[in-house]
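**Q** Dumping the structure here so I can ask a few things about it.
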Amino acid sequence: MTAPSGGGILVEGVHKSFGDNHVLRGIDVKVDEHEVVCLIGASGSGKSTLLRCINLLEPVDSGRIVVGGEEITARRVDVDRVRRGIGIVFQAFNLFPHMTVLRNITLAPREALGIDKKAAEERAASLLERFGLSDKRDEYPDRLSGGQQQRVAIVRALAMRPSIMLLDEVTGALDPELVAEVLQVIRELAHEGMTMVIATHEMGFARDIASLVCFLDRGVVAEAGPPERIFTDPQEPRTRQFLQRIIAAGRL
Amino acid sequence: MLGNRGVLVSTASTIVVLGLIALAIAMSPGADIVRERFFSWEHLKQSFLGTETSPSVVSAFLLNIRIFMTAEVIILVLALVIAVVRSIPGPVFFPLRAMAVAYTDLFRGIPLILVLYMIGFGVPGLGLKYFSSVADVTYGIVALVLVYSAYVAEVYRAGIDSVHESQVAAARSLGLSRWKSMRFVVLPQAIRRVIPPLLNDFIGLQKDTALVSVLGSIEAARAAQIYGAENFNYASYVVAAALFVLMTIPLARFTDHLIARDRRRREAGFAR
């Protein structure tokens, strides 16, 4: 596999097991800088685990992951430094419930990057403004709707000015009417050229936004290609089967 | 909430029940002697204020308060350190973790009174120069701190364990170190959750300050005992008991209040 351009991601032969459960069985993915890659596949196919491995929340068993030219799965890598450059947003938002929206967003810039309070709050305020959340800055997370919470979680990750964003089923826990506002935020990021890896069940969204779609099945990339090919003319029987089930469920 | 009628009924039934109990006590064969030995107004007053030969139970009680206040502050800090040490992952820190486990096992297992004897009589008995000038009550405080820190550390640990792993994942994913994730994300949530059980342990601590008297400190229970022995009357114990109850009630009500507030918050959370 050729090296990705600039600040891209290269995943090579990654294996990961949890006990007897062999979740990733030799994953290869290449993400160029400014590219949006969508991971699709059934639950349990390894999408979330792959994202968690790229963020070093899970150590890989074998294989390697290179980000921006640096092998982050090498030994003696400072995981905190790597994570500062890679934002991740989770399905369940994972906001800090004991902190206001503003504090949620400024915590890591202040404590991990050492930015002073005033600068961190200015940065947070401009991000909140951009995503229409200015009036929520002093609220606690449990006072917000799911869509608002997820947008705050995205802002929290962006406040670290990451070069890469990983989105793990970010609309998966939302009521249908709240999905659109979150997807809109992600579209904006894509237009700005943010490098993103997105695990999603929203096939229509993946078709719109992705430059590359990877279909994961039982821990391997069964098929990868541009969205128009994957969604209209899949080559692999497994991909066809998966998409037929999605269409039958009315999700495409 | 009780309505007007509810208040009326509950008041009436309380009066009836208390009246029956009072009647039963007054009619029992030893009633007069019990009243004289435990509730004699003269003895209650004298032990409360103190006499020439026996110390005032109230002023002795100030020592209980001092012991409690001092021990409480140290316990809050020491127990937190033990709990945090116990939750540090990684093979390198195994010796530290093992020490924290051994500490809690040991001091939760030994009866407080034995720890008091060992510290209060054993340490001065070593004949070390530095310890010769230390007051008895200091040894008492040290013993209370050792025992109660073991309990309170476990309470903290339960709180730390109750914070969901996804909170740590979120903090670490933002590039916060293990320690900063603990300090800013885990501990604030953990401590909030364990305040009620923590206060419960402190009610126990308030009462156990009486045990420090075995080292010779004249606190309320010992002062009451001195009065009782000299006057062959137990009203002094009633005075001491009342003082302890008076001290623990505010803390108990405060605990109730926090638990109720917590429940309201949780229910509000579910409703959304």
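**Q** For A:105, B:25, B:74, which order do you get if you count the other beta carbons within 10 Å of each Cβ and list the fewest first?
**A** B:25, B:74, A:105
**Q** If you don't mind, another one. Using only DSSP helix segments of four residues or longer, with each worth -39500 (n - 2.57), what per-residue ellipticity at 222 nm results for the protein assembly as shown after dividing by its residue count and rounding to 500?
**A** -18500 deg cm²/dmol
**Q** Follow-up. Taking R0 as 35 Å, what FRET efficiency do you get between residue B:33 and residue B:66 from their Cβ-Cβ distance, rounded to the nearest 0.05?
**A** 0.45
**Q** Between 0 and 90 degrees, rounded to the nearest ten: what's the tilt of helix B:136-162 against the longest Cα principal axis of chain B?
**A** Roughly 50 degrees between the two axes.
**Q** Continuing with this model, one more query. Specify, per residue and in Å³, the volume enclosed by the convex hull of the alpha carbon atoms belonging to chain B.
**A** 187 Å³
**Q** I would also like to ask the following. How high is the relative contact order of chain A? Use alpha-carbon pairs under 8 Å, at least six apart in sequence, and give a whole percent.
**A** 26 percent
**Q** Report the GluC sites (Glu not before Pro) located in region A:29-91 that are in a DSSP loop and have at most 16 other Cβ atoms inside 10 Å of their Cβ, or state none.
**A** Listed in order of number, the matching sites are A:33.
**Q** Compute the FRET efficiency between residue B:10 and residue B:262 as 1/(1 + (r/R0)^6), taking r as their Cβ-Cβ distance and R0 = 25 Å, and round to the nearest 0.05.
**A** Computed FRET efficiency for residue B:10 and residue B:262: 0.40.
**Q** Would you mind classifying chain A by shape? Square roots of the alpha carbon gyration tensor eigenvalues, ordered a ≥ b ≥ c; an a/c under 1.5 is rounded, otherwise it is prolate if a/b is larger than b/c and oblate if not.
**A** It comes out oblate by the Cα gyration axes.
**Q** Given a Förster radius of 22 Å and the C-beta distance between residue A:192 and residue A:134 as r, what FRET efficiency does 1/(1 + (r/R0)^6) yield to the nearest 0.05?
**A** Result of the calculation: an efficiency of 0.65.
**Q** Ranked by Cβ crowding within 10 angstrom, fewest neighbours first, how are B:11, B:104 ordered?
**A** B:11, B:104
**Q** Taking the Cα centre of region A:1-78 as the origin and placing charges on Cβ (Lys, Arg +1; Asp, Glu -1), which of A:21, A:34, A:55 is farthest toward the positive end of the dipole?
**A** So the residue we want is A:21.
**Q** Out of every Cα pair in region B:145-266, what percent are spaced more than 22 Å from each other?
**A** So the portion of pairs separated by more than 22 Å is 54 percent.
**Q** Another one. Take the alpha carbon gyration tensor of region A:119-250, find the square roots of its eigenvalues, order them as a ≥ b ≥ c, and report rounded if a/c is under 1.5; if not, report prolate when a/b exceeds b/c, else oblate.
**A** Taking the square roots of the gyration eigenvalues as a ≥ b ≥ c, region A:119-250 is prolate.
**Q** Using alpha-carbon positions, what is the distance between the centroids of region A:126-168 and region A:1-75, in Å?
**A** 25 Å
**Q** Now for a separate question. Cross-link list A:16/A:136; A:136/B:180; A:30/A:118; A:118/B:180: which exceed 28 angstrom alpha carbon to alpha carbon?
**A** The pairs that break the limit, which is 28 Å between Cα atoms, are A:16/A:136; A:30/A:118.
**Q** Let me ask another. Taking the Cα centre of each part, how many Å lie between region A:104-119 and region B:34-93?
**A** 43 Å
**Q** In straight Cα distance, which aspartates and glutamates are under 19 Å from residue A:117, not counting same-chain residues fewer than 8 positions off?
**A** A:129, A:138, A:139
**Q** List the residues, sorted by chain then number, that are 5 or more residues from residue A:7 or on another chain and whose placed amide H is less than 5 Å from its amide H.
**A** A:33
**Q** Whole-Hz ³J(HN,Hα) for each residue in region A:194-205, computed from phi via Karplus 6.51 cos²θ - 1.76 cosθ + 1.60 with θ = phi - 60°, x for glycine and proline: what do you get?
**A** 5, 6, 9, 10, 10, 8, 8, 9, 7, 5, x, 5
**Q** Helix B:4-27 versus the longest principal axis of chain B: what is the Cα-based angle in degrees, 0 to 90, to the nearest 10?
**A** Compared with the principal axis, the helix lies near 50 degrees.
**Q** Next up: Using Cα-only point scatterers and the Debye equation, what is log10 of I(q)/I(0) for the protein assembly as shown at each q in 0.06, 0.07, 0.08, 0.10 Å⁻¹, rounded to two decimals?
**A** Per q value, in the given order, log10 I(q)/I(0) is -0.48, -0.60, -0.72, -0.91.
**Q** Please compute the average number of Cβ atoms from other chains found within 10 Å of each residue's Cβ in peptide A:143-149.
**A** The shielding value for this peptide is 1.
**Q** Here's a follow-up. Just counting partner chain Cβ atoms within 10 Å, what average do the residues of peptide B:185-194 show around their Cβ?
**A** 2
**Q** Cα centroid distance between region A:188-252 and region B:175-201, in Å?
**A** Answer, in whole Å: 41.
**Q** For region B:33-41, in order, what is each residue's ³J(HN,Hα) by Karplus, 6.51 cos²θ - 1.76 cosθ + 1.60 with θ = phi - 60°, in whole Hz (x at glycine and Pro)?
**A** Going residue by residue, I get 6, 4, 4, 5, 6, 9, 10, 4, 4 Hz, with x marking Gly and Pro.
**Q** Tell me, what HN-Hα J-couplings in whole Hz come from the Karplus equation 6.51 cos²θ - 1.76 cosθ + 1.60 at θ = phi - 60° for each residue of region B:212-224, using x for Gly and Pro?
**A** The phi angles translate into 4, 4, 5, 8, x, 5, 8, 9, 4, 5, 5, 4, 5 Hz.
**Q** Please give the helix B:187-208 orientation as an angle from the longest Cα principal axis of chain B, in degrees from 0 to 90, rounded to the nearest 10.
**A** 30 degrees
Bear in mind that the values in this text are calculations on the coordinates, not laboratory data. Small disclaimer: the values here were computed from a predicted structure and weren't measured. Quick reminder, even Gly has a Cβ in these numbers, built from the backbone with ideal geometry, and neighbours come from all protein chains shown.
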